[in-house]
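This report concerns only the one structure given below.
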Amino acid sequence: MEQNFLIYNTLTRQKELFRPLTPGRVGMYVCGPTVYGDAHLGHARPAITFDLLFRYLRHLGYKVRYVRNITDVGHLEHDADEGEDKIAKKARLESLEPMEVAQYYTNRFHEAMNALNCLPPSIEPHATGHIIEQQQLVREIMDNGYAYESNGSVYFDVEKYDKDHKYGVLSGRSLENIKDASRELSGVGEKKNQADFALWKKAMPEHIMHWPSPWSEGFPGWHCECTAMGRKYLGDHFDIHGGGLDLVFPHHECEIAQAVASQGSQMVHYWMHNNMITIDGKKMGKSYNNFITLPQFFAGDHERLERGYSPMTIRFFILQAHYRSTVDFSNEALQAAEKGLARLLEGWKALGRLSEGMKTKGQPQVEMKQVDELRQRCYDAMNDDMASPLVISELFEACRLINSVLDRHASITAEVAAALKDVFQTFAFDILGLKAEAGEGSKEREAAYGAVVDMLLEQRQQAKAEKNWALSDAIRDRLTELGFEVKDTKDGFSWTLNK
């Protein structure tokens, strides 16, 4: 499906028309989790953002290879080049094997992603499974003169690289700014320059995750894995690299430097970054100790949560904001998202009752042109750098059309109702990835439940015709107590479930 799809490229700081390097095929790499703890709301945002991109690219007809890594070694405390590996530290504290920790939290991550209805990536490589590829990357960088060994560790020579290629093209930082920011650190130690970053670290005797290498018994630096695995599975040049905005520097900046230093050119055409989830205006993250894990959100098991929120409420909450804008957590915002999602799902259920068409004499008819224009506005929103909030607003417009027919203020033919249903299915479920909440029941149960409500209201209509006002009022009052809003119309009745 030919569409003029614009995406914001962090590298060029502007929206660009997406054109894959190979027609019909897209290579996409997204930075995945470091698996030493449960995923939190901040992890949900890139997962949902790039799931949205994955879904839309496939909808447009592209064959997409989506690679998302698992960091299970080499990610040091505070994302620095010194300190203890986060997974090794967790293993030591809990007297477990590091791979036991990594596997447990990888499984937990997958459970959370499945609950959020995120499609699995095409390939999910683990850093520990690609030590050879990372060592090969380090050798290439050293052979090209952009890295040096020091006491068994290998560091990237940022100053030498900057002279030849310019370090900081993605983040906009200059080498002098980086040097100034690092002067507060005590001593240069093994490095020529404090701005240099580790490609390979010599393991201390107490370090429990290490591998043999030409330089020392050690482990790879954090930045190596994505460059090495991206190249292995997507080639020397690929289309999209994504992740959170906090990864622009240093992680993605270092990835660019590693690629250029090893192969002489940038690997990535489009760099895409989602913005942060904040809490009280501050980035939500484990390093700030202000995070709420996804299992806690689902169960309501946290002091900041008034109650639990369903996975689809979380997904809708994130999609209500453009992926490049910040989203601030609050119970009020989540409850508003919950109501908005319920409104959309009620619209979808109501749409099922229009499938055979509804004609009301003397009322304006919903035209096929209106539905076609609605569909095009949804495409226009997606094509403008995935403007999911605008797609949602158009789906609310679809709900308005549906309700106008149910309230007998408009009529609709079966053909137009089917087209409206297709728009809803395409954008709400196939592209935005929303779904009916678990426990709401199958389509068969929902249809039966709707038929029972209709039957009760037909009995109420009969009671009114017989002037049995007590029975009529009793049926209506009981349905109201259960959360149903019943409207009497000149042609009968309509109802919606409000809770």
Q: Check Ala195, Ala181 and return the single one that is under 32 Å from the mean Cα position of the chain (by Cα), at pLDDT below 95 and in a helix (DSSP H, G or I).
A: Ala181
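Answer with yes or no whether Phe297 is open to solvent by 10 Å² or more (accessible area, probe 1.4 Å) and either touching a residue at least 40 places away in the same chain (Cβ under 8 Å) or of a type in the set (S, T, N, Q) (or both). Show your work before the answer.
Working: open to solvent by 10 Å² or more (accessible area, probe 1.4 Å): no; either touching a residue at least 40 places away in the same chain (Cβ under 8 Å) or of a type in the set (S, T, N, Q) (or both): yes.
Answer is no for this residue.
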Q: Can you give me the number of residues within the range 441-491 that are open to solvent by 60 Å² or more (accessible area, probe 1.4 Å), in contact with a strand residue (DSSP E or B) (Cβ under 6 Å, 6 or more places away or on another chain) and modelled with pLDDT under 80?
A: 2
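Tell me, which residue of the range 305-326 that is in contact (Cβ under 8 Å) with a residue 40 or more places away in the chain, crowded, with 21+ Cβ neighbours inside 10 Å and not hydroxyl-bearing (Ser, Thr, Tyr) is nearest to His110 (Cα to Cα)?
Applying the first criterion (in contact (Cβ under 8 Å) with a residue 40 or more places away in the chain) to the range 305-326 yields 310-312, 314-316, 318-326.
After this cut, where a residue has to be crowded, with 21+ Cβ neighbours inside 10 Å as well, the list is 311-312, 314-316, 318-319, 323.
Now narrow it down to the ones that are not hydroxyl-bearing (Ser, Thr, Tyr): 311-312, 314-316, 318-319.
Details: Pro311: 13, Met312: 16, Ile314: 16, Arg315: 15, Phe316: 19, Ile318: 19, Leu319: 20 Å.
Filtering the range 305-326 for residues that are in contact (Cβ under 8 Å) with a residue 40 or more places away in the chain, crowded, with 21+ Cβ neighbours inside 10 Å and not hydroxyl-bearing (Ser, Thr, Tyr), the one nearest to His110 (Cα to Cα) comes out as Pro311.
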Q. Quick one: which of Tyr105, Tyr36 is touching a Lys or Arg at 6+ places or on another chain (Cβ under 6 Å), among the aromatic types (Phe, Trp, Tyr), buried (at least 17 other Cβ atoms within 10 Å of the Cβ) and not in a strand (DSSP E or B)?
A. Tyr36
Q: Kindly indicate whether Leu175 is in contact (Cβ under 8 Å) with a residue 24 or more places away in the chain and more than 29 Å from Ala88 (Cα to Cα).
A: no
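Is there a residue being part of a helix (DSSP H, G or I) and among the polar types (S, T, N, Q) anywhere in the range 108-117?
yes
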Q: Say whether the condition of being open to solvent by 50 Å² or more (accessible area, probe 1.4 Å), touching a helix residue (DSSP H, G or I) at 6+ places or on another chain (Cβ under 9 Å) and either part of a strand (DSSP E or B) or within 30 Å of Ala428 (Cα to Cα) (or both) is met by at least one residue in the range 132-149.
A: yes
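Looking only at the range 72-101, filter to residues that are in contact with a His (Cβ under 8 Å, 6 or more places away or on another chain) and not in a loop (DSSP other than H, G, I, E, B); which one of those is farthest from Pro20 (Cα to Cα)?
Within the range 72-101, the first condition is being in contact with a His (Cβ under 8 Å, 6 or more places away or on another chain), and the residues that meet it are 72, 79, 84-88.
If we keep only those that are not in a loop (DSSP other than H, G, I, E, B) as well, we get 79, 85-88.
Working: Asp79: 32, Asp85: 37, Lys86: 36, Ile87: 36, Ala88: 39 Å.
Restricting to residues being in contact with a His (Cβ under 8 Å, 6 or more places away or on another chain) and not in a loop (DSSP other than H, G, I, E, B), the top hit is Ala88.
Could you tell me which of the residues Arg92, Arg55 is of a type in the set (Lys, Arg) and in contact with a Leu (Cβ under 8 Å, 6 or more places away or on another chain)?
Arg55
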Q) Does the range 224-233 include one or more residues that are open to solvent by less than 10 Å² (accessible area, probe 1.4 Å), touching a residue at least 60 places away in the same chain (Cβ under 8 Å) and over 22 Å from the mean Cα position of the chain (by Cα)? A) yes
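The values are calculated or read from the model by the stated rules, or taken from the named source; none is laboratory data. Just so we're clear, the structure is a prediction, and the values are computed from it rather than from any experiment. No Cβ is skipped: glycine too gets one built from the backbone with ideal geometry, and neighbour counts run over all protein chains shown. We work out accessible area using only protein heavy atoms, side chains counted, and drop any ligands, DNA or RNA first. Shrake-Rupley method; radii C 1.70, N 1.55, O 1.52, S 1.80 Å.
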